[in-house]
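Values quoted throughout were computed directly from the atomic coordinates according to the rules given, and no laboratory measurement underlies them. What you see is a predicted model, and the numbers here were worked out from it, not measured in a lab. Neighbour counts are summed over all protein chains in view; Cβ atoms, including those assigned to glycine, are modelled from backbone coordinates with ideal geometry.
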């Protein structure tokens, strides 16, 4: 009985906060936009019965997504931005995680604190402060002009570069922490053994350290890629009108056009796209657990 | 105890494989190895023995190339190896933790070093097969390290470090993680493998029994210095100081004043009102010099009557008996409340044993049975 209760709680949670909302969104995506409150039809009514209700649902909105190239371009652009920023985050995060794992024992807690510290400030405020740093009159341009590195202020804000900076900055802790966890467990005598058997330092890193931190790398990449794909705040605040991302399209569809059904269709497709990396991530975690036990 | 013919250290013309020349290693304020000079010869099975923190592991790590001496130099086959990095040395090491690569199977672990040398595929396969056979691991070639037992892991580590046919193999507490029975079996297996491959082995251990079993010579270390370097039997029978006598096996140490009593013979006055003990020694002691008589418990005879022909006899009372099955150790209280240990083989069944607690007995031994030490 106790066991059943323990299992049932997370499932109820999942049902109430994920599956039911998703079913509602799915239902809206199959409806038609209307001047009503809420702004779509049909509404479910007991008098008409479920049969009549279901008959009014259709896939019109999904077909609509294919007729306007805005949508698939936004999906593709999101995938590209998410993939690139995941790679950038990995390239910057791995050396940081490596340095943390190699740092003297008494420093590690402090370093870990520094990685987590930004979470103590609101995400929105942090992104806004990047606007202050990156704008044409911002701190970065002032610094570079002052140092004489540049003579004209750089245009960074409202470009893709600003989006990458924002994403890498925001998500880097999610890359560092799992890689650090993997490297922290790594027995340093393995590296010595590899060197003893004829590896140079670099070769030992490539043949031993990297494969043994593989699970950390995979976990970190998914933890960055999945939320970045649907990211809305960073591209809309830092990316300007030139950056096309599906999160922004969704927002505009929902709030500017008040077209709930199309917005829901966009969201459903996004979830379907995300299912693939989420399932792969789950499998990776499971394999990792099995390897540990 | 008969010595085997293999004893290059007695041959002044023999060229040592390894030479430590005045090697000192400091870590900050701490001196791990102090001005140490040592020769190790080819085909030797050399044991570095000592308590933890005595510098034996530091010596091994300097041989492997993971530590650089603060001063002095180390030669391998006549070449100074101090500036040579670990991956360029003809030395391989078997790590205490085994350090098997968890993401590679047994076969790939053994092949790891050979692949780094760019060995041709056929030769590589042959060499790995040979190593698997030598260590009886053929059946486990495809298993990952976490899928095999501790003893098997130990053999994989050995096979991996031997695969490259190093001039010198270093073994860092190779049997530390094995249980006693497996350890004993493995010791003999290790000696067998050493003989078959002809490789020079240097083993680091804190287990004196293990060092005595496997090694051709043992170096007893303490606080970064070599205390005695000799064959196991010499270390046991002729320790050069109380530290070595006490570290290796069980021993009674009787402190007293030594007086010359003829050529190479001394008497030791150890307690008031007791007959002095006779001891033979090659060393010279000044009159009444403080000395330590070290006598092994198995060389002390326990009898009910005073033996007529024994050179040294002490009367005492049995305080305790440790029954170990094959042998019994008697703790006998003698003059001045001093406790002496005597061991006898239990050749008769327990009900026929002569002595019990509180019995008054005589302990006796000959003048050549013990060793007289200065410190």
Q.
I'd like the orientation of helix B:180-197 relative to chain B: the angle between its Cα long axis and the longest Cα principal axis, in ° from 0 to 90, rounded to 10.
A. 60 degrees
Q: Kindly express, to the nearest 10 degrees and within the range 0 to 90, the angle between helix A:214-229's C-alpha long axis and the longest C-alpha principal axis of chain A.
A: 40 degrees
**Q.** Helix B:121-134 vs. chain B, principal-axis angle (Cα, 0 to 90°, nearest 10)
**A.** 20 degrees
Q) What percent antiparallel are the DSSP beta bridges of the range B:8-245, to the nearest 5? A) 50 percent
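Average partner chain C-beta neighbours within 10 Å, per residue of B:55-66?
The mean count of partner-chain Cβ atoms within 10 Å per residue comes to 1.
Grab the DSSP H runs of the protein assembly as shown that are 4 residues or longer, score each as -39,500 (n - 2.57), total them, divide by all residues and round the 222 nm result to the nearest 500 deg cm²/dmol. Intermediate values should be presented prior to the final figure.
Numbers: 23 runs with 290 residues, N = 668.
About -13500 deg cm²/dmol.
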Q. Applying 1/(1 + (r/R0)^6) with R0 = 45 Å to the Cβ-Cβ distance of residue A:99 and residue A:257, what FRET efficiency is obtained, to the nearest 0.05?
A. 0.40
Q.
So for the range B:185-319, averaging the separation of alpha carbon pairs under 8 Å that are six or more residues apart and normalising by length, what relative contact order in percent results?
A. 16 percent
Q) So how do A:203, B:56 line up by other beta-carbon neighbours within 10 Å, fewest first? A) A:203, B:56
Q) How many nm separate the modelled label positions at residue B:282 and residue A:124, each set 7 Å beyond the Cα in the direction of the Cβ? A) 9.1 nm
(Q) Restricting to Cα pairs below 8 Å that are 6+ residues apart, what does the relative contact order work out to for the range B:250-373? Please round to a whole percent. (A) 30 percent
Q.
Springs between alpha-carbon pairs under 10 angstrom, Gaussian network model over chain A: which of A:274, A:223, A:117 fluctuates most?
A. A:117
Q.
On a full-extension model of 0.36 nm per residue, what is the gain between residue A:155 and residue A:214, subtracting their alpha-carbon distance, rounded to one decimal in nm?
A. 17.5 nm
**Q.** For B:126, A:137, B:374, order by how many other beta-carbon atoms lie within 10 Å, fewest first
**A.** A:137, B:126, B:374
**Q.** Residues of the range B:272-301 with amide N under 15 Å of a point placed 7 Å along Cα→Cβ from residue B:265
**A.** B:276-282
Q | Value of relative contact order over chain B, rounded to a whole percent, pairs C-alpha under 8 Å and six or more apart | A | 14 percent
(Q) Using Cβ contacts closer than 10 Å as the measure, can you line up A:13, B:362, A:46 from fewest to most? (A) A:46, A:13, B:362
Q: Would you please report the Å³ per residue occupied by the convex hull of the alpha carbon atoms in the range A:49-171?
A: 222 Å³
Q. When DSSP beta bridges are limited to those with both residues in the protein assembly as shown, what percentage is antiparallel, rounded to the nearest 5?
A. 75 percent
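Going by the alpha-carbon gyration tensor, a ≥ b ≥ c the square roots of its eigenvalues, is chain A rounded (a/c under 1.5) or, if a/c is not under 1.5, prolate (a/b greater than b/c) versus oblate?
Because a/c hits 1.5 or more and a/b fails to exceed b/c, chain A counts as oblate.
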Q. If you stretched the chain out fully between residue B:80 and residue B:246, how much longer would it get, using 0.36 nm times the residue separation minus the C-alpha to C-alpha distance?
A. 56.2 nm
Q.
Suppose we look only past 34 Å in the calculated P(r) of the range B:8-245. What percent of the Cα-Cα pairs does that tail hold?
A. 15 percent
Q. What is the spin-label model distance, in nm, from residue A:276 to residue B:122 if the labels are put 7 Å beyond Cα along the C-beta direction?
A. 4.6 nm
Q: Mind giving me the nanometre distance, one decimal, between the label points for residue A:32 and residue B:22, set 7 Å out from Cα along Cα→Cβ?
A: 10.1 nm
